[in-house]
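Engineer: Please find one structure pasted underneath; my questions will follow.
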Amino acid sequence: IAMTRGASATDTTKPDPLITEVQDWQRYLGDGVDKRPYGSPSKFEKNVIRRDVSWLTASAESSVNFTPLHELDGIITPSGLCFERHHGGVAEIDPAKHRLMINGLVEKPLVFTMDDIKRMPRTNRIYFLECAANSGMEWRGAQLNGCQFTHGMVHNVMYTGVPLKVVLDEAGLRPNAKWLMLEGGDASGMNRSLPVEKGLSDVLLAFAMNGEALRPEQGYPLRAVIPGWEGNLWVKWLRRIEVGDQPWQTREETSKYTDLLADGRSRKHTFIMDAKSVVTSPSPQAPLKYKGRNVLSGFAWSGRGTIQRVDVSLDGGRNWQTARIDGPVLDKSLTRFYVDFDWNGEELMVQSRAIDSTGYVQPTKDELRKVRGVNSIYHNNGIQTWLVHRNGDSENVELG
Amino acid sequence: IAMTRGASATDTTKPDPLITEVQDWQRYLGDGVDKRPYGSPSKFEKNVIRRDVSWLTASAESSVNFTPLHELDGIITPSGLCFERHHGGVAEIDPAKHRLMINGLVEKPLVFTMDDIKRMPRTNRIYFLECAANSGMEWRGAQLNGCQFTHGMVHNVMYTGVPLKVVLDEAGLRPNAKWLMLEGGDASGMNRSLPVEKGLSDVLLAFAMNGEALRPEQGYPLRAVIPGWEGNLWVKWLRRIEVGDQPWQTREETSKYTDLLADGRSRKHTFIMDAKSVVTSPSPQAPLKYKGRNVLSGFAWSGRGTIQRVDVSLDGGRNWQTARIDGPVLDKSLTRFYVDFDWNGEELMVQSRAIDSTGYVQPTKDELRKVRGVNSIYHNNGIQTWLVHRNGDSENVELG
Amino acid sequence: VGAAPAEPAAKMGLGREALPEEIAAWDTDVRPDGRGLPVGRGTVKQGDELFQERCASCHGEFGQGAGRWPVLAGGQGTLRADRPDKTIGSFWPDLSTVYDYIRRAMPYGNARSLTDDEAYALVAFLLNLNDIVKDENFELNDKNFASIKLPNAEAFFDDDRETSEKKFWNKDPCMRNCRELPKVTGKAISVDVTPDGKSGPKVD
Amino acid sequence: VGAAPAEPAAKMGLGREALPEEIAAWDTDVRPDGRGLPVGRGTVKQGDELFQERCASCHGEFGQGAGRWPVLAGGQGTLRADRPDKTIGSFWPDLSTVYDYIRRAMPYGNARSLTDDEAYALVAFLLNLNDIVKDENFELNDKNFASIKLPNAEAFFDDDRETSEKKFWNKDPCMRNCRELPKVTGKAISVDVTPDGKSGPKVD
Ligand code: HEC
Ligand code: HEC
Ligand SMILES: [Ca+2]
Ligand SMILES: [Ca+2]
Ligand SMILES: [Ca+2]
Ligand SMILES: [Ca+2]
Ligand SMILES: [Ca+2]
Ligand SMILES: [Ca+2]
Ligand SMILES: [Co+2]
Ligand SMILES: [Co+2]
């Protein structure tokens, strides 16, 4: 990249022809209002896409792609860029053909159509969804160069949906109801167990995201929203909820999504996503291009509540400054932070550290390895380091 | 439409084959994670689009299309559905070729690249943008059947941008600076005058909307955000800001966007959008389909602050009940309201009435006509009536 | 690796000084007091010729508007009528707006293609079409421009809604039995102009 | 037009009662205590045949995994190793999970195509591949199913982060001179597996 000392990339000694000459777009008409019934990003933003890592899995239908965090700003993830994780590909379901069944320990087992669900009281909430395996490839050391790949299994969306409590109340819970099983209508029949208390507190059955219908890859026409808890629980294409008195021990809560520790034992039911943060710029996909004034930015989030503070270090964790948080600070939502700083072209070791409303402080990767080992796969919320070189390029490194 | 008495559209006497038979999407793999680098809505949502009214204007390049409000939920408008208003079509500008000039009554006239702007301190805010001509066709009486057409020149977006104050401070305002002129880089060279005080308070130069780059039809790569003020001021493809000591009296603030009263005089500089609301469901494009429980929903907003209360009438304004507001209640933002109600199939005359944080109460159309006449075109924030028939269809009516 | 950097400087040092040629290229706006007008001139007659060639296809030979394209002349005395005709002559407050707008946006589809003198001539002709200037040899130029006043100039006043519409601030809006039984007095369906799906009704 | 309607009823009256045939069609889940198991049976031998036909192309003849497809057997004693092999035999706590999962999701690409008896046979064969059942004539059925325990069952415990990781709740995180001068000890670039644009590195 071209590194420019000073204020601007343009030559200041002779007039800029982009100003002195009339450009085509300043003269000729562009597309009219009948051309884009549903709009798309500019052709100059073609690089802003979800990306997958083809060597990760045997099959793209049971795999993941990643949100381009380094290209985002604010706290809302555009629906078209929310990372995808499927176990049998994207089910494309006609909402008229979708059914939701409630059975098990209820007074009356029920079947709902989507029309039924849309006649229930609804609510709107912004929540992050993070896959428990986000940053999972980084347990043993720096692996992928780019926050899209290291941290891109997270997104943040405004959901519209019906509180699960409304639906459970309509069916009537039996007194011994303790666990719920959520089941998807896709080819993997994804199923997970969820404690009834969580189901009655803040879980939503969502049919809209960011103002419009759910996207197919996010579970259209109906998905579970389990605020602050690992993404795998947020069952997509939700078709059934069974009420029971014990957890089901499904494949996704035993073979997967349990956390193997160094001593060979494993934690189960590790639902909550601990506080975490990442600097998205500068980062390997978002180099510094200029000396002088720059914007450092990133996201912080916590499954336990709100983000209270974010600290940033430019020297690998020796010294910290508190970042400016800007934009809504919401419960269990991505939160945006900035540090406006002057850069003289020196090497930087950039880190961020989230602190949530419960007082939890995001640990370093080594602190985490000390208590968990390196075989956990899931719940890696350690502090990320980007080494920024004198030319502004940056890379994913481990510090010792 | 089929009107069904009772709970559900499906037959309850024999098992539903959608449940008892394995459907294709529950058996075969869907698209993998490499298929949709930038996602789109479901094929079952093809009807959720911006629509234009071709008889409105001579040319689609200087025209408008409308947000499908009746299809939205929550408070965020998806970027692809934000209504478009252009005066020379959509300028498609390579951000590397875009320049912003500040000149006039400043210490030092400046030219910025987009890279320069992205190095400045930025902020994130959710604001509604309403065209002053929204509902303008309804001054003389009910005209268009659908809230998309009567009220769809409004959208609500999370912007990321640099406070205009930051840019003006960098150039240094001269003491006699009173007005700004904002100018677009499109084929209409759109220009509008803005008081300096507003420019220094909450105006943003935005480069991102809903988390990603501005859409081309919303001014990519740079637009003005003028919170609470009429949409025409929010200059898109912003290329120049001149600082002066008096308003420019441009075509868009004289020939257009002045409000002709019954006595032949006209108000100018009617910047603020008064409090307004509309029921989006039921509405002509969103009929009631079932007796029994239903959700009434809509939006309220005010350019003077936050929405404090929304009242809903089902009998044409004789009796009112206060709606449930749900979702973020933000300054100068669309605000979502609901009434969960049981419908017995009787005729309804549905209205909503917004009250903002200054105590302003949305007037009836007749109250508005009494003080303004019917030639104003702009700033029609009168209470809308939908007549809901016994079969659930509804239509736009005037009451007397 | 250095220590944490100091607070950033008060001036960001971003952007660069705009060069005079650059300002000249973009700073073409014209204000009511004539500020911004380029040196130049053009007569009604020259304007007529240009207008017929480059404008009349949309705006009509006499500025009466072809089809639904904008009307540029006439309408004097209609502002209190049921359907006012708002034109340069009947409605616009300032002549500078005509020059500024034509120069930046017209002819539609080929903006910024007129010379300064052509713009003077077209404005002169539009004054003539609107009966404000009768002499077809009249020359409009940067000297006499600011002296020409448009008829409706005095009819504009600043937004006064906060006083004139004070009654809309109402501490206690009625909740019960607020009005007589309402009757439907008009229906959009009678007008029948709502587009069905993507296409609007054909007009013209 | 009536008056404003009363408060809506407490029960919404939405949805309809699920019919027994409908519940039977979807309620196929199986729990560790055997609840949900259908009546049925299958032997290791039958399972072997089925597995080679419908599963081995991905999971390998002996459940060892073909290419990057999942490994289903082996790995006993590796859970403390540098790269543990987590399989049904080495890791899974409950046999019910195998039945539940195969029945709902396998074979991949043709889910829900196995009969209840076929699923019993496949689970029996997977027990055999994992050395939990040695006799190839062994028949697994709804009666003996719940009695079979998997070796790693006792190694799972409920989330205890709030106590075991209590130190991460820290009232006063260090702000100045918090550590020695850091040194780079590892780089993603050395691994070199980051996809460039759309395509990842070829593996296999
Ligand atoms: C191809 C059609 C077309 C041609 C040719 C054209 N115009 Fe226009 N003109 C328009 C349209 C469309 C508008 C309205 C644009 C808008 O509002 O966004 C307009 C607006 C105007 C207005 C403002 C009208 C008002 O009431 O606000 C003036 C003045 C004008 N044109 C003058 C001219 C002149 C002078 C020329 C020739 C040099 C010209 N036009 C050529 C289509 C045309
Ligand atoms: C076309 C490839 C393919 C075929 C054929 C196939 N599987 Fe699988 N199997 C997979 C994939 C891929 C997964 C992982 C799916 C996921 O995680 O989303 C899997 C997962 C499994 C698992 C869980 C593994 C774990 O560790 O969690 C079991 C058990 C299993 N398959 C059994 C079978 C059986 C039994 C059959 C035959 C009836 C079969 N599979 C046929 C591809 C296949
Ligand atoms: Ca970019
Ligand atoms: Ca729809
Ligand atoms: Ca000027
Ligand atoms: Ca016509
Ligand atoms: Ca069951
Ligand atoms: Ca391999
Ligand atoms: Co977990
Ligand atoms: Co106005």
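Engineer: Once you charge only the Cβ atoms, +1 for Lys and Arg and -1 for Asp and Glu, what is the size of the charge dipole of the stretch A:95-266 about its Cα centre, to the nearest 20 debye?
Structural biologist: 340 debye
Engineer: Oh, and also: Evaluate peptide A:141-149: per residue, the Cβ atoms of other protein chains within 10 Å of its Cβ; return the mean as an integer.
Structural biologist: 5
Engineer: Sorted from shortest, what are the nm distances separating the label point of B:G400 from equivalent points in the other copies, each placed 7 Å from Cα along Cα to C-beta?
Structural biologist: 8.9
Engineer: Given axes a ≥ b ≥ c from the Cα gyration tensor, I'd like to know whether the stretch B:95-267 is rounded (a/c under 1.5), prolate (a/b larger than b/c) or oblate.
Structural biologist: The shape class here is oblate.
Engineer: Related question: I want to check the label-to-label distance for B:D366 and A:S357. Put each point 7 Å from Cα in the C-beta direction and report it in nm to one decimal.
Structural biologist: Computed distance between label sites B:D366 and A:S357 equals 4.8 nm.
Engineer: Normalising by the residue count of the stretch A:95-266, find the relative contact order in percent from Cα pairs under 8 Å and 6+ residues apart.
Structural biologist: Relative contact order, the stretch A:95-266: 27 percent.
Engineer: Once the Cβ-Cβ distance between A:L200 and B:T13 is put in as r, and R0 is 30 Å, what FRET efficiency do you end up with, to the nearest 0.05?
Structural biologist: The value I calculate is 0.40.
Engineer: Putting +1 on Lys and Arg Cβ atoms and -1 on Asp and Glu Cβ atoms, find which of D:I189, D:P173, D:Y120 reaches farthest to the positive end of the dipole of the stretch D:51-199.
Structural biologist: D:P173
Engineer: Give the average, rounded to an integer, of partner chain Cβ atoms located within 10 angstrom of each Cβ in A:232-242.
Structural biologist: Shielding by partners across A:232-242 averages 2.
Engineer: Still on this model: Show me you know the interface measure: the accessible area buried between D and B, both chains summed, probe 1.4 Å, in Å² to the nearest 100.
Structural biologist: In total, this chain pair buries about 2400 Å².
Engineer: Same structure again: Return, ordered by residue number, the residues of the stretch D:25-64 whose backbone nitrogen is under 14 Å from a label point located 7 Å along Cα→Cβ of D:K143.
Structural biologist: Residues passing the 14 Å test: D:39-42.
Engineer: Leaving out ligands and nucleic acids, note down the accessible area per residue over the protein assembly as shown with a 1.4 angstrom probe, in whole Å².
Structural biologist: 35 Å²
Engineer: Here is a further query. What do you get for GluC sites (Glu not before Pro) in the stretch C:26-82 restricted to DSSP loop and a cutoff of at most 13 other Cβ within 10 Å of the site's Cβ?
Structural biologist: Passing both the DSSP loop test and the Cβ count: C:E61.
Engineer: Here's something else I'd like to know. Using a 1.4 angstrom probe on heavy atoms only, work out the carbon and sulfur share of the accessible area of chain D in %.
Structural biologist: Roughly 50 percent of what the probe reaches on chain D is carbon or sulfur.
Engineer: What ³J(HN,Hα) values, in whole Hz, does the Karplus curve 6.51 cos²θ - 1.76 cosθ + 1.60 give for the stretch B:314-321 when θ = phi - 60°, with x put for Gly and Pro?
Structural biologist: 10, 10, x, x, 6, 10, 10, 10
Engineer: List, in order, the whole-Hz ³J(HN,Hα) value for each residue of the stretch A:288-298 obtained from phi through the Karplus relation with A = 6.51, B = -1.76, C = 1.60 and θ = phi - 60°; use x for Gly and Pro.
Structural biologist: After applying 6.51 cos²θ - 1.76 cosθ + 1.60, I find 6, 9, 9, 6, x, 4, 9, 10, 8, 8, x Hz.
Engineer: Am I reading the A/B interface right? What is its buried accessible area, both sides, 1.4 Å probe, to the nearest 100 Å²?
Structural biologist: For A against B, buried area totals roughly 8400 Å².
Engineer: Are there residues in the stretch B:266-286 whose accessible area shrinks by at least 40 Å² when all protein chains are included rather than the chain by itself, and which are they (probe 1.4 Å, ligands and nucleic acids not counted)?
Structural biologist: Buried on complex formation: B:S266, B:R267, B:K268.
Engineer: State the percentage of accessible surface on chain A attributable to carbon and sulfur atoms; use a 1.4 Å probe and exclude ligands, DNA and RNA.
Structural biologist: About 48 percent, which is the carbon plus sulfur part of the accessible surface.
Engineer: Treating only the Cβ of Lys, Arg, Asp and Glu as charged (+1, +1, -1, -1), what charge dipole size does the stretch D:40-147 show about its Cα centre? Round to the nearest 20 debye.
Structural biologist: My answer is approximately 400 debye.
Engineer: Turning to a different aspect of this structure: Looking at the protein assembly as shown, send over the antiparallel percent of its DSSP beta bridges, to the nearest 5.
Structural biologist: Antiparallel bridges make up about 90 percent of those DSSP assigns within the protein assembly as shown.
Engineer: Turning to a different aspect of this structure: Could you work out the relative contact order of chain B, using alpha carbon pairs under 8 angstrom and six or more residues apart, expressed as a whole percent?
Structural biologist: Computed over chain B, the figure is 17 percent.
Engineer: Might you report the magnitude of the Cβ-based charge dipole of the protein assembly as shown about its Cα centre, with Lys and Arg at +1 and Asp and Glu at -1, to the nearest 20 debye?
Structural biologist: Charge dipole, the protein assembly as shown, about its Cα centre: 1460 debye, nearest 20.
Engineer: Excluding ligands, DNA and RNA, what is the accessible area buried between chains D and C, summed over both sides, using a 1.4 Å probe, to the nearest 100 Å²?
Structural biologist: Summed over both sides, the interface buries about 200 Å².
Engineer: For a protection proxy built on the mean count of beta-carbon atoms within 10 angstrom, sort B:348-360, D:167-179 highest first, please.
Structural biologist: B:348-360, D:167-179
Engineer: OK, next. What are the distances, in nm and sorted shortest first, from the label point of C:F157 to the label points of the same position in each other copy, with each label point placed 7 Å from Cα along the Cα-to-Cβ direction?
Structural biologist: 8.1
Engineer: Got a sec? What order do A:V166, B:V339 fall in by accessible area at 1.4 Å, biggest, i.e. largest, first?
Structural biologist: Sorted by accessible area, descending: A:V166, B:V339.
Engineer: Which residue, A:P17, A:P195, A:P41, has the most motion in a Gaussian network model of chain A that connects Cα atoms within less than 10 Å?
Structural biologist: Highest fluctuation among the options: A:P17.
Engineer: I would also like to ask the following. Would you be so kind as to list the residues of the stretch A:151-169 that have their accessible area lowered by at least 50 Å² in the full protein complex compared with their chain by itself (1.4 Å probe)?
Structural biologist: A:M158
Engineer: At 1.4 Å probe size, what's the solvent-accessible area of A:R293? Round to the nearest 10 Å².
Structural biologist: Accessible area, nearest 10 Å²: 10 Å².
Engineer: Just to be sure I understand the model, the point goes 7 Å from the Cα along the line to the Cβ. What's the resulting B:K97 to A:A262 distance in nm?
Structural biologist: 5.9 nm
Engineer: Another question, then. Can you find, among A:L261, A:I19, A:F83, the residue farthest towards the positive end of the dipole of chain A? Put +1 on the C-beta of Lys and Arg, -1 on that of Asp and Glu.
Structural biologist: Checking the options against the dipole of chain A, the answer is A:L261.
Engineer: So which helices of chain D fit the span-like rule, where a helix is a whole DSSP H run, its Cα atoms reach 24 Å or more along the axis, and its mean Kyte-Doolittle is at least -0.5?
Structural biologist: none
Engineer: Another question, if that's okay. Go ahead and collect, in residue order, the members of the stretch A:52-66 whose backbone nitrogen is under 17 Å from a label point 7 Å along the Cα-Cβ direction of D:D82.
Structural biologist: From the stretch A:52-66, the list is empty.
Engineer: Further question on the same structure: If you take the beta carbon distance between A:Q321 and A:W55 as r and set R0 to 51 Å, what does 1/(1 + (r/R0)^6) give as a FRET efficiency, to the nearest 0.05?
Structural biologist: With R0 = 51 Å, the Cβ-Cβ based efficiency is 0.85.
Engineer: Next up: Could you please report the charge total around A:L222, scoring K, R as +1 and D, E as -1 over all other residues with beta-carbon less than 13 angstrom from its beta-carbon?
Structural biologist: Summing Lys/Arg as +1 and Asp/Glu as -1 gives +4.
Engineer: For every helix of n ≥ 4 consecutive DSSP H residues, a contribution of -39,500 (n - 2.57) applies; sum these over the protein assembly as shown, divide by its total residues, and give [θ] at 222 nm rounded to the nearest 500 deg cm²/dmol.
Structural biologist: Theoretical 222 nm ellipticity from helices: -3500 deg cm²/dmol.
Engineer: Mind listing the label-point distances from C:D192 to the same position on all other copies, shortest first, one decimal in nm, points 7 Å along Cα→Cβ?
Structural biologist: Inter-copy label distances (nm, one decimal, shortest first): 7.4.
Engineer: Then there is this: Tell me the trypsin sites (Lys or Arg not before Pro) within the stretch A:29-75 that lie in a loop according to DSSP and have at most 16 other beta-carbon atoms within 10 Å.
Structural biologist: Counting only loop positions with at most 16 other Cβ atoms within 10 Å, the trypsin sites (Lys or Arg not before Pro) in the stretch A:29-75 are A:K35, A:K46.
Engineer: Return the whole-Å distance between the Cα centroid of the stretch A:289-346 and the Cα centroid of the stretch C:104-131.
Structural biologist: What the calculation gives is 53 Å, centre to centre.
Engineer: Let me know the shape class of chain D, please: from the alpha-carbon gyration tensor, a ≥ b ≥ c as square roots of the eigenvalues, rounded when a/c is under 1.5, otherwise prolate if a/b is greater than b/c, or oblate.
Structural biologist: Oblate shape, in that a/c is at least 1.5 and b/c is the bigger or equal ratio.
Engineer: Check the cysteines of the protein assembly as shown one by one and keep only those with no other cysteine Cβ under 4.7 Å from their own.
Structural biologist: A:C82, A:C131, A:C147, B:C82, B:C131, B:C147, C:C55, C:C58, D:C55, D:C58
Engineer: Would you mind giving the three semi-axes, in whole Å and largest first, of the ellipsoid equivalent to chain A according to its Cα gyration tensor?
Structural biologist: Over the Cα atoms of chain A, the semi-axes work out to 40, 28, 18 Å.
Engineer: Once the Cβ-Cβ distance between A:D245 and D:K134 is put in as r, and R0 is 25 Å, what FRET efficiency do you end up with, to the nearest 0.05?
Structural biologist: After rounding to 0.05, the efficiency reads 0.10.
Engineer: Shape verdict for the stretch B:276-397, please, from the Cα gyration tensor: rounded (a/c under 1.5), prolate (a/b greater than b/c) or oblate.
Structural biologist: Oblate shape, in that a/c is at least 1.5 and b/c is the bigger or equal ratio.
The values are calculated or read from the model by the stated rules, or taken from the named source; none is laboratory data. Keep in mind it's a predicted model, so treat the numbers as computed, not measured. Backbone-built Cβ (ideal geometry, glycine too); neighbour counts: all protein chains shown. In case anyone asks, the SASA skips ligands and DNA or RNA and just uses the protein heavy atoms, side chains included. Shrake-Rupley method; radii C 1.70, N 1.55, O 1.52, S 1.80 Å.
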